[in-house]
Amino acid sequence: MEKLSRKIIKEANQYPEKVLQFGEGNFLRAFVDWQIDVLNKNTDFNGSVVVVQPLGQGVVEKLNKQDGLYTLYLQGVKEGKAVKEHSTISAVSRGLNLFTQYDEYTKLAYNPELRFVFSNTTEAGIAFDENDRLEDRPQNSFPGKLTSFLYKRYQAFNGDKEKGFIIIPCELIDRNGEKLKKIVLQYASLWNLEDSFVQWIEEANTFCCSLVDRIVPGYPRDTIDEITQELGYKDDMVVVGEQFHLWVIEGPQWIREEFPAHKAGLNTLFVDDMTPYRTRKVRILNGSHTALTPVSYLYGLDTVAETVEHEVMGSFVKELIFDEIIPTLDLSTEELNSFANAVLERFANPFIQHFLLSISLNSMSKFKTRDLPSLLEYYDQKQELPRKLVFSLAALIAFYKGKRGEEDIRLSDDQDILDLFKERWSQFDGTIESIEVIVKNILGFEKNWEMDLNNVPGLTAAVTKDLFEIETKGMKEAVESVLNQKAII
């Protein structure tokens, strides 16, 4: 069977190189490069991506052997139906290995049509390395590599303000564009680059903060033989993603004209402030993930899909989101409800096995950042405690006991947190008084919460009551008694 190439995909057009992309991994190919492919097919964007492999190890060699082509499978719930569809992505012109093709890479700085820089170098990628030097080939850090390239661009066009870039990092850190720009300027200072270059960075280049959202499981190892037979060609770069996608870009509205996602029906938004969208994602998607995990796992379920499809747990999750999280957020109710319904569809995706135990990693810090703000905001607004969020907190304490019936739970968290729970649960004697001691100690663990949660009116008593019910009646009966109860006054 032939390998995927432009020889067998005759309709794969080639476009001018308009995008420099740091990172060749599954996410960027299933998210950014797919969007550019959609733009090329549905608008006058007319641009291709040069993919740079920023590390010594990577997949650009495989990508080049396929002429930059690969197959994207989108699998998930779409308009209430399970949908699985695939397309050949032809937006990538070529891949470059920085360690073997550095001169080829620097030549890109002289391309007048190059306009965009995208990146996804993991959360640790946007970092300053004081050992990076301008003359390195390449620098160690991604921001060092970018600063060096920007300086080459500045020199190539004699500081022409029309030859700057729109730079949109996709790393999953807050205010990613601002942090990247700050480090670029830090390198300009470290390397004693001229003031006019710093001015060119400020005036000719636009650094945008962005929020990306799409689950990308990646290469389908378990089903690749079946996929190969379906496709009729061999593709070493197949990537699988969910149907849902969202890209929120904080930047000037004129970028929409150069990256016309709205004309192609893409869920890519250019906004003045991405904060409400980030908060919406963290509170609704990530927050409900974290809140449902201990409840559902102790109920006896193992995956997110099982949870939302379950009669009892499905109701618990929906009431948690719509009755307790959404009322604490600032966006319009219509927008929040739409997003929440999309989240529930994604949770029910039959093609993705999202195991609760994998989500449970570092649940204490996750509850603090994702769920505690909703709990506290709900109380501030209503002078009541949100019933399901409080119960989830009690379930979290029960989860850290490390047992589901006779089965041990493999807990994963910081050692001091694990030690705290082990010590406290070892003193449990079956009484509600000993439960209260456990609760007071966990809620008072300020190293995690950055406050003493025992000071939240009624919280200690409510968590104690719920935890005692979980321990004495079991999770199934405890959840059912909570469903449809009003908030705790």
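The values are calculated or read from the model by the stated rules, or taken from the named source; none is laboratory data. Because the structure is predicted, anything quoted here is derived from the model rather than measured. Cβ atoms come from the backbone with ideal geometry, glycine included; neighbour counts cover every protein chain shown.
Just a few scattered comments:
- Those residues of the stretch 15-44 which are hydroxyl-bearing (Ser, Thr, Tyr) and touching a Pro at 6+ places or on another chain (Cβ under 9 Å), in sequence order: 43
- Residue count for the stretch 144-180 under the criterion of being of a type outside the set (Asp, Glu), out of contact with any strand residue (DSSP E or B) (no Cβ under 6 Å at 6 or more places or on another chain) and either outside the structural domain of residue 202 (by TED's automatic domain parsing) or under 19 Å from residue 32 (Cα atoms) (or both): the result is 3.
- Test result for residue 290, without any contact (Cβ under 8 Å) to a residue 24 or more places away in the chain, of a type in the set (Val, Ile, Thr) and farther than 20 Å from residue 476 by Cβ: no
- Residue in the stretch 263-282 that is aliphatic (A, V, I, L, M), assigned by TED's automatic domain parsing to the domain that holds residue 31, outside any helix (DSSP H, G or I) and within 30 Å of residue 412 (Cβ to Cβ) present: no
- Scanning the stretch 192-210 for residues that are part of a strand (DSSP E or B) and among the hydroxyl-bearing types (Ser, Thr, Tyr) yields a total of 2.
- Of the numbered criteria (1) touching a Ser or Thr at 6+ places or on another chain (Cβ under 6 Å); (2) farther than 18 Å from residue 24 by Cα; (3) of a type outside the set (A, V, I, L, M), the one residue 142 fails is (2).
- Considering residues of the stretch 63-84 that are surrounded by fewer than 17 Cβ atoms within 10 Å (Cβ to Cβ) and modelled with pLDDT of 95 or more only, the residue farthest from the chain's Cα centre (by Cα): 65
- Test: residue in the stretch 114-124 that is assigned to a strand (DSSP E or B) and either charged (D, E, K, R) or outside the structural domain of residue 233 (by TED's automatic domain parsing) (or both): no
- Residue 448 fulfils the conditions (1) part of a helix (DSSP H, G or I); (2) touching a Gly at 6+ places or on another chain (Cβ under 6 Å); (3) not hydroxyl-bearing (Ser, Thr, Tyr) except for a single criterion, (2).
- Unmet requirement for residue 105, which otherwise passes all of (1) part of a helix (DSSP H, G or I); (2) touching a Phe, Trp or Tyr at 6+ places or on another chain (Cβ under 7 Å): (2)
- When restricted to residues that are exposed (fewer than 13 other Cβ atoms within 10 Å of the Cβ) and at positive phi, the stretch 421-463 contains 2.
For (1) within 31 Å of the chain's Cα centre (by Cα); (2) surrounded by 15 or more Cβ atoms within 10 Å (Cβ to Cβ); (3) at pLDDT below 95, each residue gets a yes or a no:
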residue: 104; (1), (2), (3): no, no, no
residue: 115; (1), (2), (3): yes, yes, no
residue: 162; (1), (2), (3): no, no, no
residue: 200; (1), (2), (3): no, yes, no
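- Long-range neighbours under 7 Å by Cβ, at least six apart or interchain, first residue under 20 Å from residue 130 (Cβ atoms) within the stretch 170-183, second surrounded by fewer than 20 Cβ atoms within 10 Å (Cβ to Cβ) and of a type in the set (Phe, Trp, Tyr): 183/128
- Boolean, residue 409 is under 28 Å from residue 383 (Cβ atoms), assigned by TED's automatic domain parsing to the domain that holds residue 387, in contact (Cβ under 8 Å) with a residue 24 or more places away in the chain and hydrophobic (A, V, I, L, M, F, W, C): no
- Residue 442 meets each of the listed conditions (1) closer than 17 Å to residue 392 by Cβ; (2) touching a residue at least 24 places away in the same chain (Cβ under 8 Å); (3) more than 32 Å from the chain's Cα centre (by Cα) apart from (3).
- Of residues in the stretch 247-273 being within 16 Å of the chain's Cα centre (by Cα) and crowded, with 18+ Cβ neighbours inside 10 Å, the one nearest to residue 40 (Cα to Cα): 268
- The stretch 164-187 - residue that is surrounded by fewer than 19 Cβ atoms within 10 Å (Cβ to Cβ) and either of a type outside the set (Asp, Glu) or part of a helix (DSSP H, G or I) (or both) and, of those, modelled with the lowest pLDDT: 172
- Members of the stretch 65-114 that are among the acidic types (Asp, Glu), in contact with a strand residue (DSSP E or B) (Cβ under 9 Å, 6 or more places away or on another chain) and more than 23 Å from residue 37 (Cα to Cα): 104
- Just one of the numbered conditions (1) of a type outside the set (Gly, Ala, Ser); (2) in contact with a Phe, Trp or Tyr (Cβ under 6 Å, 6 or more places away or on another chain); (3) closer than 26 Å to residue 257 by Cα is not true of residue 112: (2).
- Number of the exception - residue 280 against (1) in contact with a helix residue (DSSP H, G or I) (Cβ under 7 Å, 6 or more places away or on another chain); (2) among the basic types (Lys, Arg); (3) farther than 27 Å from residue 82 by Cβ: (3)
So that you can scan it fast, the table gives a plain yes or no per residue for (1) at pLDDT below 95; (2) not aromatic (Phe, Trp, Tyr):
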residue: 220; (1), (2): yes, yes
residue: 247; (1), (2): no, no
residue: 272; (1), (2): no, yes
residue: 276; (1), (2): yes, yes
